[in-house]
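Undergrad: Attaching a single structure in structure tokens format; questions to follow.
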Amino acid sequence: MAIRVWSDWGLSGGRSWLIACFYDNSTCNEASAMGAFESLIITSSYYVAFGGFADIYSGILRLGGKEIPVAIKILRGKMTRKDMARFYREAVIWGTLKHEGILPLYGVAPNVGPQKALGMISPWIDKGNLTYHLENHPQISLEGRISILIQVAAAVQYLHSLSIIHGDLTGNNILMKDDKNILLCDFGLSRIWMDNVPTLHTTSIGKCNYPWAAPEVIFNDNPNEPPFTKSSDVYSFGCVMVQVLTGHLPYPTKNVIYHHLTKSRHPPRPTNTEFISDELWEFMLWCWAGIPSDRPSMEEVSAFLTSHVHDF
């Protein structure tokens, strides 16, 4: 199956500014992109992975005479033209970011796959996500785990410096570039989806990644006020700390999540690891402060981890 990546949606009164090329975003412009993007081929008959908002297929991007292995994340659900325009704006931001800890976005294509939906095109990452990596490499040293956390913190700090909120920081949205280095992905996607799909808002327990989500995200009861903030990202980072240091999710089930969030409002202290010192636990408690404004900034998170890397 091959499709043209450049398309005309009729947005903004003419040819859409649908992302045509981010592969080399330092030099790629509309004209060169139209010539360089030849086709996108989905190589898997079925999705090879899935997440809360999309199914992921493997593919080949033919670009300027090259064939590049890519992951094609095909979004679920229906979007109006207005929603698409907003999504494209968010994708443009993602596509122009440059950071060693951020997964590049090569482009976006319409009418992709069996769903005939929007597809987000990124490099194919063989190593999988952080959750998979931790489950299959329990021997990782404390130094290696702290190094992963420092990289994640730096990537989120970079986003926050540009006033970009991730909104879905979990071990599943942190990819392993290799055995030691990470790539952060999917920032902003859950926020867009919750804004665009009203049924994702409820008055009790909202739809989100429970083991990592802040209480104000889970228990948000105002559909007109999305709960994602820099502070909710910090809360989620504290939960990622638990996952990285123990190799397990912060909470095993939704029942346990509900119990702890309605009582202690944060994960229980793990008892199955020697990697969480009192100092680290106190810092995690700060990340989980009940009042979001009382939580540290990601700059403070990064500073704490890098200044104490040899002390844990």
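Undergrad: Of the residues that make up the range 205-220, is at least one at pLDDT below 60 and either farther than 23 Å from S293 by Cα or part of a helix (DSSP H, G or I) (or both)?
TA: yes
Undergrad: Hey, another quick one. May I ask you to list the residues in the range 141-160 that are free of Cβ contacts under 8 Å to residues at least 60 places away in the same chain, in a helix (DSSP H, G or I) and surrounded by fewer than 16 Cβ atoms within 10 Å (Cβ to Cβ)?
TA: G144 - this is the single residue of the range 141-160 that is free of Cβ contacts under 8 Å to residues at least 60 places away in the same chain, in a helix (DSSP H, G or I) and surrounded by fewer than 16 Cβ atoms within 10 Å (Cβ to Cβ).
Undergrad: Here's a follow-up. Do you know which of the residues in the range 88-111 that are among the charged types (D, E, K, R) and at pLDDT 80 or above is surrounded by the most Cβ atoms within 10 Å (Cβ to Cβ)?
TA: Out of the qualifying residues, it is E100.
Undergrad: Ok, one more. Among the residues of the range 87-106, is any under 25 Å from Q243 (Cβ atoms) and among the β-branched types (V, I, T)?
TA: Yes - at least one qualifying residue is present in the range 87-106.
Undergrad: I've got another one for you. Considering the range 98-122 alone, what residues qualify as being in a strand (DSSP E or B) and either closer than 14 Å to Y88 by Cα or not small (G, A, S) (or both)?
TA: Within the range 98-122, I102, G107, V108, A109, P110, N111, V112, A117, L118, G119, M120, I121 meet the criteria.
Undergrad: Another question, then. Could you tell me whether any residue of the range 168-180 is in contact with an Asp or Glu (Cβ under 8 Å, 6 or more places away or on another chain), of a type outside the set (S, T, N, Q) and under 21 Å from S44 (Cβ atoms)?
TA: The answer is no, given that none of the residues of the range 168-180 is in contact with an Asp or Glu (Cβ under 8 Å, 6 or more places away or on another chain), of a type outside the set (S, T, N, Q) and under 21 Å from S44 (Cβ atoms).
Undergrad: What's the total number of residues in the range 114-140 that are small (G, A, S) and crowded, with 21+ Cβ neighbours inside 10 Å?
TA: Number of matching residues: 2.
Undergrad: Oh, and also: Restricting to the range 283-312, and then to whatever is charged (D, E, K, R), at pLDDT 95 or above and closer than 16 Å to L149 by Cα, can you tell me which residue is surrounded by the fewest Cβ atoms within 10 Å (Cβ to Cβ)?
TA: So the residue we want is E299.
Undergrad: Scan (1) modelled with pLDDT of 75 or more; (2) touching a Leu at 6+ places or on another chain (Cβ under 8 Å); (3) aliphatic (A, V, I, L, M) for the single condition I42 breaks and write down its number.
TA: (2)
Undergrad: Taking the range 124-174 only, how many residues are aromatic (F, W, Y) and under 14 Å from the mean Cα position of the chain (by Cα)?
TA: Count: 1.
The values are calculated or read from the model by the stated rules, or taken from the named source; none is laboratory data. Model, not experiment: these values are computed from the prediction. Glycine gets a Cβ as well: all are built from the backbone with ideal geometry, and neighbour counts include every protein chain shown.
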